[in-house]
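Presented below is the structure to which this report refers.
The values are calculated or read from the model by the stated rules, or taken from the named source; none is laboratory data. As the structure is a computational prediction, the values presented were derived from the model and not from experiment. Heads up, the Cβs are rebuilt from the backbone with ideal geometry, glycines too, and the neighbour counts pull from every protein chain shown. All accessible areas refer to the heavy atoms of the entire protein, side chains included, with ligands and DNA or RNA removed. Shrake-Rupley method; radii C 1.70, N 1.55, O 1.52, S 1.80 Å.
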Amino acid sequence: MAAVKGLVLISLVSSAAFAQGEEFSMPSFESTADAGLPAPSAPPLPDAVPLPGPAKPPPPPSWSRFGGSTSVLFTALREYYVGAELALLATLTGTPSRSPSVPGEVEGFLLQLGAQGGYGRVGGPQCRGSVLCATRISGGLALKGGWARGLPSVRDSVARAQTMYFGQLDVLLSNFDIESAPLSPGLRTWELLTRLRVGLHFTSDASRVTFTGVTLFAAVLIEAIPVSLHTRGVSLGLCAGVGF
């Protein structure tokens, strides 16, 4: 009888424990939102880094569109002349190519056309013993061509001629003027002044490594005055200056 009572007591305790287990069992949730919890945040993705594309080739080299020079000039023979000149030139044609002898430089033919003006003092037979008695003011066209070499700009591959073997033809209208004096009348005449010069532009080694800088030049020339009332003749001369 005591054994039966023990079995009944054990059964009652086990039923109560089972009921309590069901009451306090953890519920199952399909998502964290159902459980009332904030959703976990994913770590931010890094920004996409574009892959480097093929390097853009530099544009083909070309000569600078504009240039110029200032110079001093001396002539002698038929008359002697000392003066200064200014030339402003625009490139007409010429396509440089990579130099096979100087790394990084380009070379090729270059043809330029522009305006040139000059001022100076003149002496000669008209001075009648005086020195540099006349004034000459001239202006006109200059055509310059030759073989040039230069260093192209990294930005746009434009090269300025830093070395150039050149020839230049000037066709100028000139005013030759001698002021009147108490014992001699003055003289004023218009001239067609032509000059043909051959020379060399060159740049120091320190300036050749850059696109900018000045260029020195020197040339020999022959001057002819085919049209004039009083000053016709031929003279020889030298000039030297700075190109830019």
Kindly write out, for the stretch 123-129 in residue order, the coupling ³J(HN,Hα) from the Karplus curve 6.51 cos²θ - 1.76 cosθ + 1.60 (θ = phi - 60°), rounded to whole Hz, with x marking Gly and Pro. x, x, x, 5, 7, 6, x
Which percent of the accessible area of the stretch 123-244 is formed by carbon and sulfur heavy atoms (probe 1.4 angstrom)? 69 percent
For residue 110, what is the net charge nearby, where nearby means another residue's Cβ is under 13 Å from its Cβ and Lys, Arg count +1, Asp, Glu -1? +3
Over the stretch 88-181, with the other protein chains present, what is the accessible area per residue in square angstrom, probe 1.4 angstrom? 47 Å²
